[in-house]
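Notes to accompany the following structure.
The values are calculated or read from the model by the stated rules, or taken from the named source; none is laboratory data. Not measured: the values here are computed from a predicted model. Please note: Cβ atoms are built from the backbone with ideal geometry, for glycine as well, and neighbour counts cover all protein chains shown. Surface areas here come from the heavy atoms of the whole protein model, side chains and all, with no ligands, DNA or RNA. Shrake-Rupley method; radii C 1.70, N 1.55, O 1.52, S 1.80 Å.
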Amino acid sequence: MTRIAIFASGSGSNAENIATYFSTNKNVEVVLILTNNPTAFVLERAKKLGIKSLTFNKHDFLKTGEILNFLRKNDINLIVLAGFLLKIPKNLLNAFPNKIINIHPALLPKYGGKGMFGNQVHQSVIEAKEKESGITIHYVNENYDEGKIIFQARCSINPTDTANDLAYKIHALEYAHFPKVIEQLITSSNN
Ligand code: GAR
């Protein structure tokens, strides 16, 4: 049984999409939704989906073992970052080797790093007059957006596209691919 914890800091549309995707799967369950943001809409989604949630502060996340204890108590064996803002601390990286994955809304290694989140990423891509962007799903390590890449998908950018237009295209790619890539990872690690 794979028990997933999703970390999200904002709307949580990916978190909901992943939870819904696995809701009919007997071997995979989204068990927890965790956030550092007490006003994040993802908390409403968790309530609606009937998924246990936890809100924590940055200090507890980075400087204590509380979050790790909570994950262990809930028998979590895979962590998915879906729009999560904070860097993952060493204690979690050590406890979940190759079991923490992130989605980034651009084609890494470009447009990643600290502060590159959501529409900020799309704005930078548009300003650089890129002709395409995409999504990157990757393992998480101690540096922002630098872990080994698992999967990328691309979309084209029209000259008139705004950051919001691009965000829409990127979200569509995320919804189509993220749950399936998670499923493939689980299947291949079980074999
Ligand atoms: C997603 O596009 C995700 O790729 C991005 O935040 C958005 C969250 O949307 N993540 C990052 O920018 C990480 N650096 P959501 O809350 O609706 O799922």
Selected residue [without any contact (Cβ under 8 Å) to a residue 12 or more places away in the chain and open to solvent by 50 Å² or more (accessible area, probe 1.4 Å)] from T162, T187 = T187
Write out, first by first residue and then by second, each pair whose Cβ atoms fall under 6 Å of each other, whose residues are 6+ apart or on separate chains, and whose first residue, in the stretch 1-18, is closer than 23 Å to N190 by Cα while the second is of a type in the set (D, E, K, R) and part of a strand (DSSP E or B).
-> R3/E29
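Can you tell me which residue within the stretch 116-135, out of those that are more than 9 Å from the ligand (Cβ to nearest atom) and in a strand (DSSP E or B), is farthest from V80 (Cα to Cα)? Before you say what the answer is, go through the steps one by one.
Step one: list which residues in the stretch 116-135 are more than 9 Å from the ligand (Cβ to nearest atom), which gives 123-134.
Filter once more, so that each one left must be in a strand (DSSP E or B): 132-134.
Values: E132: 25, S133: 22, G134: 19 Å.
Here the residue is E132.
Just to verify a result, which residue in the stretch 1-24, among those that are more than 16 Å from the ligand (Cβ to nearest atom) and either among the acidic types (D, E) or more than 13 Å from L78 (Cβ to Cβ) (or both), is nearest to the chain's Cα centre (by Cα)?
Filtering the stretch 1-24 down to residues more than 16 Å from the ligand (Cβ to nearest atom) leaves 1-3, 23-24.
Then keep just the ones that are either among the acidic types (D, E) or more than 13 Å from L78 (Cβ to Cβ) (or both); that gives 23-24.
Details: S23: 18, T24: 21 Å.
Of everything passing the filter in the stretch 1-24, S23 is nearest to the chain's Cα centre (by Cα).
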Filtering the stretch 80-115 for residues that are near the ligand (Cβ under 10 Å from one of its atoms) and either open to solvent by 40 Å² or more (accessible area, probe 1.4 Å) or among the charged types (D, E, K, R) (or both) leaves a count of 4
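A quick yes/no check of all residues on (1) of a type outside the set (S, T, Y); (2) within 23 Å of F22 (Cβ to Cβ):
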{"site": "A40", "(1), (2)": "yes, yes"}
{"site": "K48", "(1), (2)": "yes, yes"}
{"site": "K52", "(1), (2)": "yes, yes"}
{"site": "T55", "(1), (2)": "no, yes"}
{"site": "L62", "(1), (2)": "yes, no"}
{"site": "N69", "(1), (2)": "yes, no"}
{"site": "K73", "(1), (2)": "yes, yes"}
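Quick grid of which residues meet (1) touching a residue at least 12 places away in the same chain (Cβ under 8 Å); (2) within 15 Å of the ligand (Cβ to nearest atom); (3) farther than 22 Å from Q184 by Cβ; (4) surrounded by 23 or more Cβ atoms within 10 Å (Cβ to Cβ):
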residue	(1), (2), (3), (4)
T39	no, yes, yes, no
L43	yes, yes, yes, no
H59	no, no, yes, no
K73	no, no, yes, no
Expected single match for open to solvent by 30 Å² or more (accessible area, probe 1.4 Å) and among the aromatic types (F, W, Y) among F151, F178 is F151
